[in-house]
Amino acid sequence: MEGIESGSRQGKRVVVIGGGIAGSLAAKLLQYDADVTLIDPKEYFEITWASLRSMVEPKFAERTVINHNSYLKQGRVVTSPAINITESDVMTEDGSVIGYDYLVIATGHNDLFPKTRQEKLSHYQAEYEKIKSSGSVLIVGGGPSGVELAAEIAVDFPEKKVTLVHKGPRLLEFVGQKAADKASDWLESKKVEVILNQSVDLSSASDGNKTYRTSGGETIHADCHFLCVGKPLSSQWLNGTVLKDSLDGKGRVMVDEYLRIRGRSNVFAIGDITNIPEMKQGYIAETHANVVVKNIKVMMSSGKKKKMSTYKPGPEMAIVSLGRKDSVAQFPFVTVVGCLPGLIKSKDLFVGKTRKARGLNPKLV
């Protein structure tokens with residue numbers, strides 16, 4: 001496949017694999033400095049931390065599901081999964097061969113996504129209808145997705161019985177005990193039943209029978225259920241490429257302080273797939289993207305002596321939204337719950353800020 005014509009000053013070819021939070025930002029920021037190709041199996045990127053709001057308010061998704069070509073005006077989008085990488089090219093499932101001078105891998109987690117934006121919006125409408133028509137809802141998984149979904153349903157549909165089952169000893173195991181306790185107390189104040197240290201056999205409820213069994217022998221009646229558990233990293237496919245020695249024992253991509261894949265001078269990895277010991281969150285993935293963009297620009301500057309940027313994990317912070325007004329926030333020296341931290345995240349879920357970072361109107365579709 002022929003490369004696109006580049007009107008940039010350098011004309012260097014940058015290929016970004018993965019159009020999520022990190023990859024979309026990297027492609028957007030480089031599009032006027034290089035010949036950029038974004039490879040993604042779908043035609044859009046989604047502001048993922050806002051996805052649970054879209055399940056109770058489908059219209060919200062119109063601002064959070066964004067076609068790549070809305071922000072990538074100068075670059076090119078190849079809508080097909082990457083399947084191989086050589087020293088000079090990336091191959092995709094549809095037979096494309098895209099050459100690169102610099103490569104950024106930002107493939108995140110494995111999941112099943114609709115290919116088009118309209119299909120994704122229709123998916124949220126269907127999820128909303130499922131919740132609306134149900135008198136009781138079972139949520140499996142007590143991480144941030146499960147907790148936030150339970151909170152969204154409890155606030156928007158307070159008449160519904162919500163049960164959250166988590167196999168671990170406490171909710172939100174990625175944050176401290178204090179934050180987890182505050183989230184649990186908030187959910188219970190909204191009449192959400194929280195069951196810990198148990199798993200659910202989702203196949204135990206046959207057609208017409210809406211009773212689920214837990215590993216502890218309990219039975220839960222629910223008209224519908226949602227599985228909110230972690231997805232595996234989208235990195236195993238690299239084992240069939242020239243980067244096969246770049247993964248650690250947990251499938252994470254090993255990077256140096258410049259976010260280059262170890263042993264590679266022109267290949268970077270950003271976002272959740274990296275082996276950096278830190279919380280895997282969207283704002284951190286965006287920080288990765290900014291560091292890599294700066295470094296690629298330095299490397300493209302034809303020998304001008306500029307210092308490359310290093311990446312160091314910052315203090316661990318997390319904000320878990322609890323409905324439309326409240327949230328629980330863990331900062332370095334304090335943990336708070338309620339409407340004060342809710343003002344930071346819960347009303348708009350950083351959607352306007354994220355759209356603005358990609359050159360889009362914060363308020364309009």
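The values are calculated or read from the model by the stated rules, or taken from the named source; none is laboratory data. Note that the coordinates shown come from a computational prediction; the quantities given were computed from them, not determined experimentally. When we count neighbours, we look across all protein chains shown, and the Cβ atoms used for this are built from the backbone with ideal geometry, even at glycine. The accessibility values were calculated without ligands, DNA or RNA, using every heavy atom of the protein model including side chains. Shrake-Rupley method; radii C 1.70, N 1.55, O 1.52, S 1.80 Å.
List of remarks:
- Criterion: in a helix (DSSP H, G or I) and hydrophobic (A, V, I, L, M, F, W, C) - qualifying residue of I131, I139: I131
- Of all residues making up the stretch 56-106, the number that are free of Cβ contacts under 8 Å to residues at least 12 places away in the same chain and basic (K, R): 1
- Any hit, the stretch 162-171, residues being touching a residue at least 40 places away in the same chain (Cβ under 8 Å), open to solvent by less than 10 Å² (accessible area, probe 1.4 Å), within 30 Å of L196 (Cα to Cα) and out of contact with any helix residue (DSSP H, G or I) (no Cβ under 6 Å at 6 or more places or on another chain): yes
- Put simply, of V90, V147, V155, V104 the only residue that is modelled with pLDDT of 95 or more and either aromatic (F, W, Y) or open to solvent by 10 Å² or more (accessible area, probe 1.4 Å) (or both) is V155.
- The requirement of being within 30 Å of A289 (Cβ to Cβ) and out of contact with any strand residue (DSSP E or B) (no Cβ under 6 Å at 6 or more places or on another chain) is not satisfied by E159.
- Meets criteria (hydrophobic (A, V, I, L, M, F, W, C) and at pLDDT below 95) for A179: yes
- Boolean, E173 is more than 19 Å from K231 (Cβ to Cβ) and either in a loop (DSSP other than H, G, I, E, B) or over 23 Å from the mean Cα position of the chain (by Cα) (or both): no
- The stretch 306-360, subset farther than 25 Å from D185 by Cβ and over 21 Å from the mean Cα position of the chain (by Cα), residue most open to solvent (accessible area, probe 1.4 Å): K307
- Pick from the stretch 306-352, criterion polar (S, T, N, Q) and outside any strand (DSSP E or B), ranking: nearest to D181 (Cα to Cα): S346
- Pairing residues of the stretch 26-49 that are over 19 Å from G108 (Cβ atoms) and open to solvent by 10 Å² or more (accessible area, probe 1.4 Å) with residues that are of a type in the set (D, E, K, R) and in a strand (DSSP E or B), at Cβ distances under 8 Å and at least 6 apart in sequence or on separate chains, gives D35/R13.
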